[in-house]
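Notes to accompany the following structure.
Quick note: the coordinates plus some simple rules give every number you see, no bench work behind them. Worth saying up front: this structure is predicted, and the values here are computed from it rather than measured. As a convention, Cβ positions derive from the backbone with ideal geometry for all residues, glycine included, and neighbour counts pool all protein chains shown.
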Amino acid sequence: MRDLLARDSIGGALWADWWGFKMEALDFTRANLALNFEAGVRAIVHSDDPTGIQKLNQEAAKAIEAGREAGVTITENDAIRWLTANPAWALGIDQWVGTLEQGKNADVVIWSGNPFSVYTRADQVYIDGALMFDRFNPGRRPRTDFEVGLFPGEAQR
């Protein structure tokens, strides 16, 4: 199937794991993303789980490892495209987003280390050029649902 997808320039939005949790995942293999990538398919890390979409970088890391175990050579640059350029291409918006190039729009995450490591944290997030999150600046971090009512710094405004 992967050869047909590659031949016809069809991308594949695929899970990193989660075998058998619904019909379209019954014949799943952990190396699926890597094997499709190897054949020339524009692989895309997919999740329709609210938690999974928050850590697609870690989902990609699982797919990298499964692919390497299956003998597929995958660079981290190749794998980052599973999260950026390939989804933009599949949505038909790659002329505006998906890669860091002059003239394109970009939301950018500055990581504390390798983005494929579970130990890495997002240090900063820029959306449309504006710093929206800064792990080291409390004023640029989201508040939790438990922080309701008045905040000490806002009470005097």
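Aspartates and glutamates within cross-link reach of residue 55: Cα-Cα under 17 Å, excluding same-chain residues under 8 positions apart?
Residue 55 reaches 17, 65, 76, 107, 123.
What is the set of long-range amide H partners of residue 49 at a cut-off below 5 Å, with H atoms built 1.01 Å from backbone N?
Close amide H contacts, sequence-distant or interchain: none at all.
Give the value in nm², to one decimal: projected area of the alpha carbon convex hull of the range 2-94, averaged over all directions.
Working: hull surface 23.5 nm².
Computing the convex hull of the Cα atoms and averaging its projections yields 5.9 nm².
Which angle between 0 and 90 degrees, to the nearest 10, do you get for helix 56-69 versus the longest principal axis of the chain when only C-alpha atoms count?
Tilt of helix 56-69: around 30 degrees.
Normalised by the empirical 2.2 N^0.38 Å for globular proteins, what value does the Cα Rg of the chain take?
Normalised Cα radius of gyration, the chain: 1.24.
Assign unit charges at the C-beta atoms only (+1 for Lys and Arg, -1 for Asp and Glu), then state the dipole size of the chain relative to its Cα centre in Debye, rounded to the nearest 20. Don't skip to the answer; put the middle values down first.
Values: 16 positive and 22 negative charges, 59 e Å.
Result for the chain is approximately 280 debye, rounded to the nearest 20.
Can you work out the FRET efficiency for the pair residue 54 and residue 4, with r the C-beta to C-beta distance and R0 = 25 Å, to the nearest 0.05? Don't skip to the end; give the middle numbers.
Working: r = 32 Å, r/R0 = 1.30.
The formula returns an efficiency of 0.15 here.
What distance in nm separates the two pseudo spin-label positions at residue 28 and residue 135, each 7 Å out from Cα along the beta-carbon direction?
It works out to 2.8 nm between the two label points.
Can you tally the net charge around residue 76? Count Lys and Arg as +1, Asp and Glu as -1, for every other residue whose Cβ sits under 15 Å from the Cβ of residue 76.
It works out to a net charge of 0.
What lysines does residue 22 reach when the alpha-carbon gap must be under 18 Å and sequence neighbours fewer than 8 apart in one chain are set aside?
Correct list for residue 22: empty, as no lysines qualify.
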